[in-house]
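Please read the structure below before turning to the comments.
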Amino acid sequence: MPTVLANVNDLLEKRVLEETGEYASTGGRKAKSIGINKSYCHAMGILITANHIEMVLVNLGDEIIKKDRIRLKFTAELSYCTEVAQKVKTFLEGEVAKDTLLGIGVAIPGIIDQKERIVLKSHALGIENYSLRFLEQALEIPVYFENDANAAMLAEKKQKYPNAIYLSLNHTLGGAFCIDGKLFRGQNQKAGEFGHMILVPGGRKCYCGKSGCADAYCAASVLTQDNRQSLDAFMEKIESGDEKNLQTWNEYLDHLAVLISNLRMAYDMDIILGGDVGGVLSDYMIPLGEKVMAYNGFEHDVSYLKNCSYKKEASAVGVAKYFFTKHMVEL
């Protein structure tokens, strides 16, 4: 108890913790409740896509205190980095004291060499061996770069999911997985590329050039007709009973069930359904679960299927949270 009290007092002095109220009296002096001081520090997260940047400001309580999505077409020109830096400056103006901002995390759809600050390859952005050094310099404060699916995995609580797969069902299909609370990256930083596992041999053409990839059947683009309609519009048609869209939805769930069953057999972990489609799947877990069960005769329930914590902004939040983990270790 003396050690605990000493540590608590130390964290109170540093303002990491704060008094949050009092418990009801049990006869003596009322006990004080102590919790995280959410405003102790902040971090910013950015998700870069082909046509937008998504920005969030997160406090130590993992709460989004500001967010914005801006249309900005990605280019490999240096001017793009300068423009991103200007958007960040405008976004942060008047929000938090500079000394409470730990850093900016940047999530990118691609394979990243973090040590060399290079995007080795990104089909989504159309770049290869692209240096991130100029963007890092333009932002002027500590920067952390991460693959977008890995970042979404980081948004989940490690205590809740120490061993789990994250399926990022966005415009393209990404993935990541944790073992003992740590991201597993693989020998060449390519672990979790579930979107390019062959799901239907000789099937639909994938943007990567192969045929039959899971991405061509399970990405959100299958439902949005490659962004010709919004996912919200598609789901409204499902709810209204539109037969054509219901057929597309059922076929989508069939293919997703096959992918889920294969991943469960390979890794025997919880599977978190994230991304844009993951955000709407919470209302369709029963039909999805029934389809998964039909493909997996080794288990009698699908309790390992989990809904994501953030229906939106998961990648941006996760890459921001990196700085909280780093800071607490340093404390």
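In table form, for the structure just shown:
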item: Residue match in the range 99-107 (condition: modelled with pLDDT under 95 and assigned to a helix (DSSP H, G or I)); result: yes
item: Condition check for residue 93: loosely packed, with under 14 Cβ neighbours inside 10 Å and modelled with pLDDT of 90 or more; result: yes
item: Among residues of the range 73-90, those that are open to solvent by 30 Å² or more (accessible area, probe 1.4 Å) and aromatic (Phe, Trp, Tyr), counted; result: 0
item: Output for the range 108-131, where each listed residue is part of a loop (DSSP other than H, G, I, E, B) and open to solvent by 80 Å² or more (accessible area, probe 1.4 Å); result: 115, 116, 123
item: In the range 257-273, the residues that are within 17 Å of the chain's Cα centre (by Cα) and either of a type in the set (Val, Ile, Thr) or at pLDDT below 95 (or both); result: 271, 272
item: Criterion violated by residue 331 - all others in (1) closer than 23 Å to residue 165 by Cα; (2) open to solvent by 70 Å² or more (accessible area, probe 1.4 Å); (3) of a type outside the set (Lys, Arg); (4) touching a residue at least 60 places away in the same chain (Cβ under 8 Å) satisfied; result: (1)
item: Residue within the range 172-182 that is open to solvent by less than 60 Å² (accessible area, probe 1.4 Å) and farther than 20 Å from residue 313 by Cα present; result: yes
item: Residue check for residue 70: farther than 20 Å from residue 154 by Cα, surrounded by fewer than 15 Cβ atoms within 10 Å (Cβ to Cβ) and touching a strand residue (DSSP E or B) at 6+ places or on another chain (Cβ under 8 Å); result: yes
item: Condition met for residue 306 (among the charged types (D, E, K, R), under 20 Å from residue 154 (Cβ atoms), out of contact with any Asp or Glu (no Cβ under 8 Å at 6 or more places or on another chain) and not in a helix (DSSP H, G or I)); result: no
item: Out of 283, 254, sole residue that is at pLDDT below 95, surrounded by fewer than 18 Cβ atoms within 10 Å (Cβ to Cβ) and not in a loop (DSSP other than H, G, I, E, B); result: 283
item: Inter-residue pairs, beta-carbon under 7 Å, first free of Cβ contacts under 8 Å to residues at least 24 places away in the same chain and in the range 218-246, second among the polar types (S, T, N, Q) and in a helix (DSSP H, G or I), 6+ apart; result: 230/224; 234/224; 234/245; 237/245; 238/245
item: The one condition in (1) open to solvent by less than 60 Å² (accessible area, probe 1.4 Å); (2) in contact with a strand residue (DSSP E or B) (Cβ under 6 Å, 6 or more places away or on another chain); (3) not hydrophobic (A, V, I, L, M, F, W, C) that residue 38 fails to fulfil; result: (1)
item: Residues of the range 174-203 satisfying the condition of being within 16 Å of residue 149 (Cβ to Cβ) and aliphatic (A, V, I, L, M); result: 176, 179, 183, 191, 197
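The values are calculated or read from the model by the stated rules, or taken from the named source; none is laboratory data. Being a predicted model, the structure only gives us computed values, none of them experimental. Backbone-built Cβ (ideal geometry, glycine too); neighbour counts: all protein chains shown. All accessible areas refer to the heavy atoms of the entire protein, side chains included, with ligands and DNA or RNA removed. Shrake-Rupley method; radii C 1.70, N 1.55, O 1.52, S 1.80 Å.
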